[in-house]
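In what follows, a structure is listed as structure tokens, so that the remarks can point back to it.
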Amino acid sequence: MSNPGFPRGAVSGGQDRSDGGVVSVVLAGGGTAGHIEPAMAVADALVALDPKVRITALGTARGLETRLVPERGYDLKLITPVPFPRKPSGDLVRLPLRVRSAVRQTRAILDEVRADVVIGFGGYVALPAYLAARGGASRRSVVPVVIHEANARAGWANRVGARSARRVLAAVPNPGLGRRVEVVGVPVRESITSLDRMALRAEARAHFGFSDDDRVLLVFGGSQGAQSLNRAVSGAADDLAAAGIAVLHAHGPKNVLQLRVPTVGDRPYVAVPYLSRMDLAYAAADLVICRSGAMTVAEVTAVGLPAVYVPLPIGNGEQRLNALPVVGAGGGLLIADADLTPEFITETVRVLLADPPRLTEMTAAATLAGHRDAARRVAEVALELATENRGAR
């Protein structure tokens, strides 16, 4: 699938080497928003550094990239997905055939766009891209690969790709890739990294119906919400109201909160299915309760927002590891999902929101733990390798 019209970051009149020496970058990071959003942030940074750059994103027909990539104005090419089955099954038997098919498709795309560099972010499309970039019968040379690992514990695609990648960048020093990494943080979109919370605060609070002097708790659990966060915070709504705390709560489109009818004088409890303006939500808040996926931690620290991180209780424990550096620096608290109760909200979160000096200290610590320039750094490394590759041909 390619988006309608001419791809953003490309120039008209063809993309061969005779047409102005256009650098061609392939991004491999489809599947989930955690892979796509860093790729799109890097794409924007590439265009900022080199407006003529040609950007091609790899994806699959069942990933969120089919919507997110065209919305951002970039060219999208689809390949066969290569999910790794976690249990013995027919999918595991068919895996080698799927890998070979996806690698052939990807190699054809690399040839078509005359790729100078591949940037991989993990996920279903990353492994075929890494294998295809090693070269084949139709290619005279390999395509250099840059890998970015957002999580504190790397996935299997990036662990395989790191063996032959030219550069490996990561959010934390030791994500389990078996080699030295360059720590750059997680690429975050420019609208977040450039956010001045204090400058936008009055507008943001007016947007959600809060007063300038409200103490505001922001709650969100990802695009679909989180039932445990919903239960705990809504269960403490009366105590929060009694303490004069306002709440902005994104509960998820399929969830409903059971809240009492507010009484006169209560601070607002604004419950919404989804927050389309996260910049305003961050600017309005004094404290956030959230999961600790890599992108969430990156955004929250980029804007310097104190946080209570509640790692997802499934998976391989990477969400807890994602939050540990920020918590260790003093920019947040860490609470297990099973321990997040209305009582915790009342006894800990309410007290924290009543302590402005501590919130100020946490804000400073969260800001220092963030990496606002991660997207630009990944883009710079990729363009450096692309230039070297073109010079060697």
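Quick note: the coordinates plus some simple rules give every number you see, no bench work behind them. Predicted model, so just to flag it, every value in this text is computed and none were measured. Please note: Cβ atoms are built from the backbone with ideal geometry, for glycine as well, and neighbour counts cover all protein chains shown.
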Each label sits 7 Å from Cα toward the beta-carbon; between Glu71 and Arg358 the label points are separated, in nm, by 3.7 nm
In degrees rounded to 10, the 0-90 angle between helix 33-49 Cα long axis and the longest Cα principal axis of the chain is 70 degrees
Comparing Ala108, Ala152, Ala126 in a Gaussian network model of the chain (Cα, 10 Å), the one with the largest mean-square fluctuation is Ala108
Note on region 195-369, DSSP bridge orientation, antiparallel percent to nearest 5 equals 0 percent
Here the gain from full extension of Arg231 to Asn316, 0.36 nm per residue of separation minus their alpha-carbon distance, amounts to 28.2 nm
Scoring the chain by relative contact order with C-alpha pairs under 8 Å, at least six apart, yields a percentage of 16 percent
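If R₀ is 41 angstrom, what is the calculated FRET efficiency for the pair Arg134 and Thr341, using the beta carbon separation as r and rounding to 0.05?
Computed FRET efficiency for Arg134 and Thr341 comes out at 0.20.
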Mean separation of Cα contacts under 8 Å (at least 6 apart) over the residue count of region 195-369, i.e. the relative contact order in percent, is 24 percent
Here the residues of region 167-208 lying in the modelled label zone of Val142, meaning backbone nitrogen under 20 Å from a point 7 Å along Cα-to-Cβ, are 167-170, 177-182
Extension length gain for Val183 and Lys52 (0.36 nm per residue less Cα distance), in nm, is 44.4 nm
Rounded to the nearest 5, the percent of DSSP beta bridges in the chain running antiparallel is 0 percent
Nearest-0.05 FRET efficiency for Ala202 and Arg277 at R0 = 25 Å, using Cβ-Cβ distance, is 0.95
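What length, rounded to one decimal in nm, is gained on full extension from Thr32 through to Asp373, with 0.36 nm per residue of separation minus their alpha-carbon distance?
120.5 nm
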